[in-house]
Each structure stands twice: as structure tokens, then as C-alpha cells.
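Here the structure comes first, spelled out in C-alpha cells, and everything after it is commentary.
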Amino acid sequence: MSVQLSLTVNGKAVSAAVDARTLLVELLRNQLALTGTHVGCDTGQCGACTVLLDGRAVKACNMLAAQAGGAKVLTIEGLAAADGTLHPMQAAFKDCHGLQCGFCTSGMVLSAIDLVQRHPNADEKTIREELEGNFCRCTGYHNIVRAVQQGAAAMAK
Amino acid sequence: MGANDAGLIGQSVRRKEDVRFLTGAGQYTDDVTFPRQTYAYFLRSPHAHAKIRRIDAAKAKAAPGVLAVFTGEDLTGVNGLPCGWLITGTDGKPMNEPPHPVLAQGKVRCVGDQVALVVAESAHQAKDAAETIDVDYEILPAVVNCVEALKAGAPQIHDQAPGNKCYTWALGDKAAVDAAFAKAAHVTKIDLVNNRLIPNAIEPRGAAASYNRADESYTLYVSNQNPHVERLLMTAFVLGLPETKLRVIAPDVGGGFGSKIYLYAEETALVWASKKVNRPIKWAADRSEAFLSDAHGRDHVTHAELALDKDGKFLAMRVITTANMGAYLSTFASCIPTILYATLLAGQYTTPVIYCEVTASFTNTAPVDAYRGAGRPEATFVVERLVHQAAVDMNIPQDEIRRRNFIRTFPYATPVALTYDTGNYDATLDEAMKMADVAGFPARKAESAKQGKLRGLGYASYIEACGLAPSNVAGALGARAGLFEAGEVRVNPTGSVTVFTGSHSHGQGHETTFAQIVAAKLGIDIGNVEVVHGDTGRVPFGMGTYGSRSLAVGGTAIVKALDKVIAKGRKIAAHLLEAAETDIEFKDGKFTVAGTDRSKAFAEISLAAYVPHNYPLGDLEPGLDETAFYDPTNFTYPAGTHICEVEIDPETGVVTIARFAACDDFGNIINPMIVEGQVHGGVAQGLGQALLENCVYDADSGQLLTGSYMDYAMPRADHVPSFQVGTKVTPCTHNPLGAKGCGEAGAIGAPAAMMNAVHDALSAVGVARIDMPASPHRVWQAIQQAAKPSARA
């Protein structure tokens, strides 16, 4: 069964016809070629597929594309400014070495932004708890925590 | 590096690769799309051990969108997957090497064994079709435990491996060890399990293969750590193709940790099938498949003994280990519990005689191979658990027993076949103790006790052999290939430099570290250096990245190529400046006639090398592009001390990692930020093993019980603390960078440090032994067990 839907992705209006079982992450990656959103598991645990849906972090592997009809989706590709200037959280991850292989990074950065929006003055414990839904196998989280702290400070400016 | 380092060496240069990852522009295998691409799905065995009576794929072949369905019997002319390391047993015979088919041939030997390949227009169609394949299985009894598999009456897994034995292998002087034990004042004995782990790189494995009819060639994108090895094994050993007909590209790779070293069945089947269907085929493992089919790690059962004199000086060590190979021999499986394990049992200590005997068995589980550290964490765990327990037994402080036995004279030949070139184990122990505030521990312990909590401190003074490998040594030990590395430095006409390295970066930051070396050595801007890796079509050759070898071996190959570039540049400069070659000095990116101000900039030399008007054509070829191969003369020996402090709630069994300090000696460091990041990640993986992770197969059915993130406990951000990391430097004596390697240290030191801390804490309530992972359930049970009157008797 095919479903017709319209949504906004990274500020652009998108119309697509998808198989009803298509996941949001499949729409983003396969039809829209936004391959910066990654798939790391099939149980909604790893968070590599995290995108912002109407400003809120969601796991794009855990919802149907059809459920995103009418929504505003922001993926990692839409985060930096048009001139290439990195979002403060992206810049903080680079400066703090908060990424290694890069596979969890897009989800991690978008989760971090959501976290800071809800907890602008989060301490280390809060940051660690809030990042429970995003796995990183490379960094041991040490520099991710530092990056979120630095990114939060930069976002507050 | 000398005077030309332009201040870049030792600087935490921010990574060149980060922007593409931070903006979603990285290109991982599953991001690659070929025109007219099709999709693969592998039907896998639901049984741990079964005969295949019949496969009926008629429905699947007729299903919507399906191009083809292949089973084992279709793969005529396709050999099994090879093992790269021959172990010769104590009986003088080669190890048993049963076939490792690309698709099951009449039998499945583990849950997840690949039975059929479905190729369809979409991934959904391939999966739907696979569900209609009817496989008639005759289910056989299964065995999953490596010790049980060796017992009489265990299910026989391979005809070619009687009793499920791969080999029994030994290292060391058994008679001398027996004699030393006979004279010992004290003997400490322990039994331990090194728990089985599933690597879990966050990018699951994947591949995309394309066949080109025009020149009968193939292109394979694959999530892999060593594309040249992949190409060599797949073409020469399995598919019987000229290696030049296969280009292997390992693009951005989302973590490896060992699990992406190996030649796997899936990508091999894809390459083969891409010609059959004459369409490109893509496959991306979902996480459930990764759990079932990635090579797992560790899985040892060990009895170990340490003989000491009355002063706590080590006299001898005896270690008997059984290791699980899984259902088939993976690419390097056989050398992990032998060559990379027993050789490390001297640790940092002067133990004069050591004997180690290892029996490897086949079981109905996924293959087991190298996982971050690969044999060395297992060795460190044995040594440091023994040392901890001996100190407890003899009432000697943990740091003191280590100091009484440290090696302090180098080079030092161990009784287990290695020669350490350099090290300073007192320095890393002292610094780690400062970082961990060991002096403040009694006060913290008292504070915990007030709140009804148990607090413990654990040390691990580890050593590892990295920089794989001196090829003649590796060959003598059974490696079926040398372990060189290649580097090409191509100076472009305008003076920018492209480096082609056989090392592969899947998170390690080579694009930055290697660029720092090149920029420093040539005196050019780091922005003018591009590092290319992971493509057999562009890189001359390479053995890839594992065993913390990239900087020490791959980096050295680049340095040797750079030396050739500079030597040739000097010749060109001598001609242009009308001076003798011996009078030309190269410094800060300029070739200068010594004692004059006459010089040529690096870019002038590069331009002259390619598009000369005036060139000594009779004496020198144009161009400035040099390749070097490097074969190390010895292993490198990173070492250090890790100290872990835990707090345990005896009411719940929950272990909290309160502090973790690591002081490591990696030799010279090019980029401290990247090195610290490697330690952080390794420590988290090591703590994951000790605190959380455990791969469990059901003993009766052979089903994988920990087959998703719902059941396999991965370390999350709130499981680990921030780490204190520091370094001490004794430069490696046998490579020009003085580098030893840093990728695995964390995973090697951390499990032993943490479990020693757990044992220290639990000693207060009488717990003598607890195996990894120290989960709340296990800890609580151990506490309850120890509290029983019978346990106190």
C-alpha cells in the first residue's frame, strides 16, 4: 500500500509516495539521499538515527515515514548555516574530539541539542543520563560530555 | 622528528576528517548507491547445529522483484574462507582446519550460519522472499561451551576436527616451571573465565558489489579494516580471480575493533553473485544479524598459578587455557589465544620461567577472533588477577608486589619469546597512583563504609605487543603472510602532497596524525596534505589497521617515503642551484645551499620535478612520487598502569565505577588529543567487559540469548565516569617515530583493574571469586553465597 505524504525536511518542502511500512529513516536515507542519518540497530536503542522532529529528538528508525506527515524534520545535513558555519554543538564536538568514527555523531549531536534545549545548565550527571539513548563505541563518552558542556555554553551566547 | 617538525608534532591538532562526519557528508558503505542496484538478504540458520536435508526456494525465486536465490550447491568453484595463521600443536601436527563455506554445504553449525542469498529489486522484497524458502533441517544436539565441547560424547561439529579440537599448543619450559613450583614458598592459584564479547561497532557490517562486463572486473565497497588483505584472500584463495580484477574500497567505516578485519562470507557471496545477476548488489547487516554473524571476542576458561618466594618475588607461572574458536576458523582466530596471548604472560615482571598450554575447540557458536586487544587483554587479566591475589595472600601492598618484580633492564628477553626494547614501569605506576589519589583512598573507603557501601581499589600494570609485526618472527610463529606496511607520498606539481597509506582509519584519525607527520617533515602547511586510505585502486599495498600498528608501522612507511622524497628533492635542488648535492640542506620547507642564502622553496622543486624546463634528465627521472615498504624489526611494547576504584552497594549488588586513572607509555606521541581519545574509548570497552557485556548462548539449544541491545548490555554514557589519563614516554627504540601504538591499551588494562577493584571491595564480605561481568545479579549472589555459614567454614 502506498502512502502519499508531505513534510518539511531541512527547511524544504518534500512530497513523497512511500510504501506504508517505510520507516522515516528509510525515507530520509533512500528516497531523499540524506545519508547522514544512520542506522545502527533494529530495536530503537542506539540512537544513530536520531533526527529532530518539530524540534524534538526522535529515533527515525522507530517511526513510520507516514507518521512524519506535516512535520518539520531536521537532519544533520540541515544543521550548519548555509555558508557552512557549523552549529555551536557541531563546533564543540570538533573542538573537544567528541567523535571518532563518526557513525553515531549525527544522532549524538542532535540529541545533545535537544538535551541543551531542555536543560540549558545541565551538569555532567544529567548529560550522561540524557545521552542514555545514544551509543558511542569509540569515545568512551568522556569527550562527548565535554563537547555537550562546551556546546551548551556556546548555544547560550 | 628533528628540526623540521614546524611545531606540529605533539600538538592536539583538531581533526581534518571531522567536518564531513559532523555535517552528514561521511560516506559509509551503506551510503553508496550504484546505478541499477539490487539488494541482498541472507537467510540464516535458526538452529545451532543441523543437517540440511533439502532447500526448496521455488516460491522465493518466483516472488515479486526477485532476481535470484543462491544456496551452497550453486557456489561451484568457490572455495571456503581461509585462516591466515597456522598453529602447530604440541603433537607436532598442524591445527585442524575444517572447511568454512561461503554458504552452508549440507550442514549448519551455528545460529546465524548463512544458508541462502536472495537478490531482489528492494531490500524489503529480498527479505519477504527469504521468508518463503523452505529448509528441511534435521536438528542435531549442539554444544556452545569451549570446555564442554572437548568432553567425550559432545556433539561432533566437523568431520575434520575429531573431538571438536582445533589444537593443543604450548609455550615455555614446562620442566623448569614444575621445578620452580616445587621450591616455591607460596603458590597462588586462580580459576577465571574471560567472558565472550560481541564487538558492536556502531556501523553494522555491509557491502556493495558491482561487476563490470567490459573488463570482467569487480568493485566492492565493504566496511572493512584492511581492504588489501580482503582483496588478496577473496580473489586468490576463495574466488580464484586475478586480484587485479577486484577493487576493494573500505570508505568511511563506523568502527571496527577487530570485527572488520576478516574476510566474511557475505561480501564474498555478493562479489560472486554480482556477476551472476549482472547487477550491482548491496547488503547492510541489521543489528540482529551483526550479533549473530560478526566474529566475537575473548571466551577463555583458564586455570593459572603463580609461584613466589618468601619475599613475594615471582618464580614461575603456569597457565592452562581453553579457548573457543566458534563454529569455523575466522581469518586470524587461531593466533589470538596463542601467539598474541601466551607471549604476553610475562607482563611487566621478571618471572623467570613461564609455561602456557592452550587448547582451542570448535563449538556451535559464531566464530571468535580478534577483538580490541586480541589475546593481550586475556593475558593481562590472567597476570594481573594472579598478582592481585598473590599480594592479598602474602599481605604485600599491591604497588609493592609489582615493584618487587618489575623489569628494569632493557632490552629484556622474556621466557615467552619476546624481547622488550624499552619501558619504565615504575614511572607509569607512580604517576597512575598520583592521578588516582591512592593516598586518599582509605578516607574514601571509610566514607563509603559509613553509608553501608563497599569500596575497592584495583591495579593493572599491563604490557602489550603492538606494531604487528616483524614479518620473519610472525612467519616463524605460523603467520601465512608477512605484516609489512606500505606508504606512498605523491608530491603534486604545485607542492601539495597526497599520501596513500595501507593503514585504514575507522575512527583513529589518521587523516590528521599522518598529515601532521608529513607537514612537519616537509615544512608545508597541514592543509596541503591529503591522506588517502582504504582503496586498493589508489593505495599501492597495505596490511591494514589492527594491533595498534598504524602509526608504528604505517606511519614509519610514510616517513621512509618522505625520506626518499627529500633525498630526490635535494638532487633536483642541487641541479637548479648549481651546487653539490651534499651541500644542500633541507629545513622548514626550503632547500638551501649550506652557508648561503640561495634556496628553492619546496613548491619550486615540485614544479621543477614535473614540468621542468631545466632538468638533469640524464641523471634523474622527473616526478616526485615515492613509495616505501616498512617491516618492523621488533614488536612495540606499550605499557602502563591503570587504577580503578569502585563502590558497591551490597544491598543491590550495583557496582559503580567511582574513579579510573590510566597512565600509559605509548612512546612518542604525535597528537595527544587523539591518543587520549583512543584511551578513553578503550577503557570504556574494557569497563564494558568487566561491568556489563556478556555474550550468552543457551547451553541446550545453542540460541544466542543476547542477540539485541535489549539483552546485550552496552556501556552507555551514565555507566562510566570521566577518566583521568596521562602518559609517560620512553620512545620505541626501533622505529624512526619512536611510537608504540595506543589503540588497544584501554581495553587491555581496564578489565583487570576493575575486577581487581571489585575483588578488593568484596573481600570485606568474604567473596573470593567473581567472574566478569560484575553485574548486580552476580555481585548480589556472590555476597549472599559468601554470607552462608557453609561458606565461612
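Coordinate-derived values only; no laboratory data. Quick caveat, the model's predicted, so the values are computed rather than measured. No Cβ is skipped: glycine too gets one built from the backbone with ideal geometry, and neighbour counts run over all protein chains shown.
For the protein assembly as shown, take N as its residue count and report Rg(C-alpha) divided by 2.2 N^0.38 Å.
Numbers: Rg = 28.1 Å, N = 950, 2.2 N^0.38 = 29.8 Å.
Relative to the 2.2 N^0.38 Å estimate, the protein assembly as shown comes out at 0.94.
Just the projected area, averaged over all directions, of the convex hull on the alpha carbon atoms of chain B: how many nm²?
For chain B, the mean projected area of the Cα convex hull comes to 36.7 nm².
Which one, B:ALA370, B:PHE602, B:LEU522, projects farthest toward the positive side of the charge dipole computed for chain B from Cβ point charges (K/R +1, D/E -1)?
Of the candidates, B:ALA370 comes out farthest on the positive side.
Would you calculate the volume per residue, in Å³, of the smallest convex hull containing every Cα atom of segment B:1-103?
Per residue, the Cα convex hull of segment B:1-103 comes to 343 Å³.
Relative contact order of segment B:120-187, please, whole-number percent, based on alpha carbon pairs below 8 angstrom and at least 6 residues apart.
So the answer I get is 15 percent.
Longest exposed-loop-site-free stretch of chain B, with GluC sites (Glu not before Pro), DSSP loop and at most 10 other Cβ within 10 Å?
That would be B:1-577.
Can you give the log10 of the normalised intensity I(q)/I(0) at q = 0.11, 0.22, 0.24 Å⁻¹, computed with Debye over equal Cα scatterers of segment A:88-156?
Log-scaled intensity ratios, in q order: -0.19, -0.82, -1.00.
Note down the net charge around B:VAL675, summing +1 for each Lys or Arg and -1 for each Asp or Glu among other residues with Cβ under 11 Å from its Cβ. List each step's numbers first, then the result.
Details: positive: B:LYS740; negative: B:ASP664, B:GLU676.
Neighbourhood net charge equals -1.
Once you wrap a convex hull around the alpha carbon atoms of segment B:220-337, what is its projected area averaged over all directions, in nm²?
Projected over every direction and averaged, the Cα hull of segment B:220-337 covers 10.7 nm².
Given an 8 Å cut-off on Cα distances and at least 6 residues of separation, report the relative contact order of segment B:166-241 as a percent.
15 percent
Label points 7 Å out from Cα along the Cβ direction at B:GLN160 and A:ASN30: separation in nm?
That separation, rounded to one decimal, is 3.8 nm.
Relative contact order of chain B: what whole-number percent is it, with Cα pairs under 8 angstrom and at least 6 residues apart?
That works out to 16 percent.
Quick one: what does P(r) look like for segment B:63-173 with 5 Å bins over all Cα pairs, in whole %?
2, 10, 15, 16, 17, 13, 10, 7, 5, 3, 1, 1, 0
How much length is gained on full extension from B:LYS183 to B:ASP563, taking 0.36 nm per residue of separation minus their Cα-Cα distance?
Taking B:LYS183 through B:ASP563 to full extension adds about 131.3 nm, to one decimal.
If each residue's Cβ is checked for other Cβ atoms within 10 Å, how do B:ARG659, A:ARG56 rank with the fewest at the top?
Least crowded to most crowded, the residues run A:ARG56, B:ARG659.
Below 13 angstrom from the Cβ of B:TYR167, what's the summed charge of the other residues (Lys, Arg +1; Asp, Glu -1)?
Taking every Cβ under 13 Å from that of B:TYR167, the sum is -1.
Describe numerically, in nm with one decimal, the distance between label points set 7 Å from Cα along Cα→Cβ at B:VAL611 and at A:ASP54.
5.9 nm
Restricting things to Cα coordinates, could you compute the convex hull volume per residue of segment A:2-77 in Å³? All intermediate terms of the calculation are to be shown ahead of the outcome.
Numbers: hull volume 5.6 nm³, N = 76.
So the per-residue Cα hull volume is 74 Å³.
When each pair of different Cα atoms in segment B:493-636 is counted once in the 1/r mean, what is the Kirkwood radius in angstroms, to one decimal?
16.1 Å
At q = 0.14, 0.20, 0.26 Å⁻¹, what base-10 log of I(q)/I(0) does the Debye formula yield for segment B:394-439 when every alpha carbon is treated as an equal point scatterer in vacuo?
Treating every Cα as an identical point scatterer, log10 I(q)/I(0) equals -0.44, -0.76, -0.97.
Give me the distance in nm between label points sitting 7 Å out from Cα along the Cα-to-Cβ direction at A:ARG118 and A:ARG21, one decimal.
3.1 nm
Out of B:ALA690, B:ILE202, B:ALA573, whose Cα points farthest toward the positive end of the dipole of the protein assembly as shown (charges: +1 Lys, Arg; -1 Asp, Glu; placed on Cβ)?
B:ALA690
To the nearest 0.05, what FRET efficiency results for B:THR582 and B:GLU243 with a Förster distance of 35 Å applied to their C-beta separation? Present the calculation step by step, with values, prior to reporting the outcome.
Numbers: r = 43 Å, r/R0 = 1.22.
Given R0 = 35 Å and the Cβ-Cβ separation, E is 0.25.
Within 10 Å of each Cβ in A:125-137, how many Cβ atoms from other chains are there, averaged over the peptide?
Mean partner-chain Cβ count within 10 Å for A:125-137: 5.
For A:LYS59, go through the aspartates and glutamates and keep the ones whose alpha-carbon is under 15 Å away, minus same-chain ones fewer than eight residues off.
A:GLU26, A:ASP42, A:ASP114, A:GLU130, A:GLU132
With 22 Å as the cut-off, how large is the P(r) tail for segment B:480-569, expressed as percent of Cα-Cα pairs?
19 percent
Quick one: Cα centre-to-centre distance for segment B:636-682 and segment A:96-154, in angstrom?
Computed from Cα coordinates, the inter-centre distance equals 20 Å.
What dipole magnitude, in Debye to the nearest 20, does the protein assembly as shown give about its Cα centre under +1 on Lys/Arg Cβ and -1 on Asp/Glu Cβ?
Around 600 debye, computed over the protein assembly as shown.
Along segment B:743-753, what does the Karplus equation 6.51 cos²θ - 1.76 cosθ + 1.60 (θ = phi - 60°) give for ³J(HN,Hα), rounded to whole Hz, x for Gly and Pro?
x, 10, 3, x, 6, 7, x, 5, x, 5, 4
What is the fewest-to-most order of B:ARG385, A:ARG137 by other Cβ atoms lying within 10 Å of their Cβ?
Arranged by neighbour count, lowest to highest, B:ARG385, A:ARG137 become B:ARG385, A:ARG137.
Using θ = phi - 60° and the Karplus relation 6.51 cos²θ - 1.76 cosθ + 1.60, list the HN-Hα couplings for segment B:229-242 in order, rounded to whole Hz, with x at every Gly or Pro.
These are the phi-based 3J(HN,Hα) values: 5, 4, 5, 4, 5, 5, 7, 6, 9, 10, 9, x, 9, x Hz.
For segment B:1-110, which trypsin sites (Lys or Arg not before Pro) are in a loop by DSSP, counting at most 13 other Cβ atoms within 10 Å?
Passing sites in segment B:1-110 are B:ARG36.
Name the residue farthest towards the positive end of the dipole of the protein assembly as shown from the options B:PRO751, B:ALA149, B:ALA62, assuming +1 on Cβ of Lys and Arg, -1 on Cβ of Asp and Glu, about the Cα centre.
B:ALA149
Using only DSSP helix segments of four residues or longer, with each worth -39500 (n - 2.57), what per-residue ellipticity at 222 nm results for chain B after dividing by its residue count and rounding to 500? If you can, show how the numbers build up before the last one.
Numbers: 19 runs with 202 residues, N = 793.
That comes out to -7500 deg cm²/dmol.
How large is the helix-only mean residue ellipticity at 222 nm for chain A, computed as the sum of -39500 (n - 2.57) over DSSP H runs with n ≥ 4, divided by its residue count, in deg cm²/dmol to the nearest 500?
Counting only the DSSP helices, I get -8500 deg cm²/dmol.
Where does each of A:PHE135, B:PHE541, B:PHE666 land when they are ranked from fewest to most other beta-carbon atoms within 10 angstrom?
B:PHE541, A:PHE135, B:PHE666
I'd like to verify something in chain A: which complete DSSP H helices, judged by Cα projection on the helix axis, reach 15 Å or more and average at least 0.5 on the Kyte-Doolittle scale?
A:105-118
Estimate the FRET efficiency between B:ASP597 and A:ALA154 by the formula 1/(1 + (r/R0)^6), using the beta-carbon distance for r and 51 Å for R0, to the nearest 0.05.
0.60
List the residues whose amide H sits under 5 Å from the amide H of B:THR38, counting only those 5 or more places along or on another chain, with H placed 1.01 Å from N in the peptide plane.
Excluding prolines and chain starts, which carry no amide H, the hits are B:ILE281, B:LYS282.
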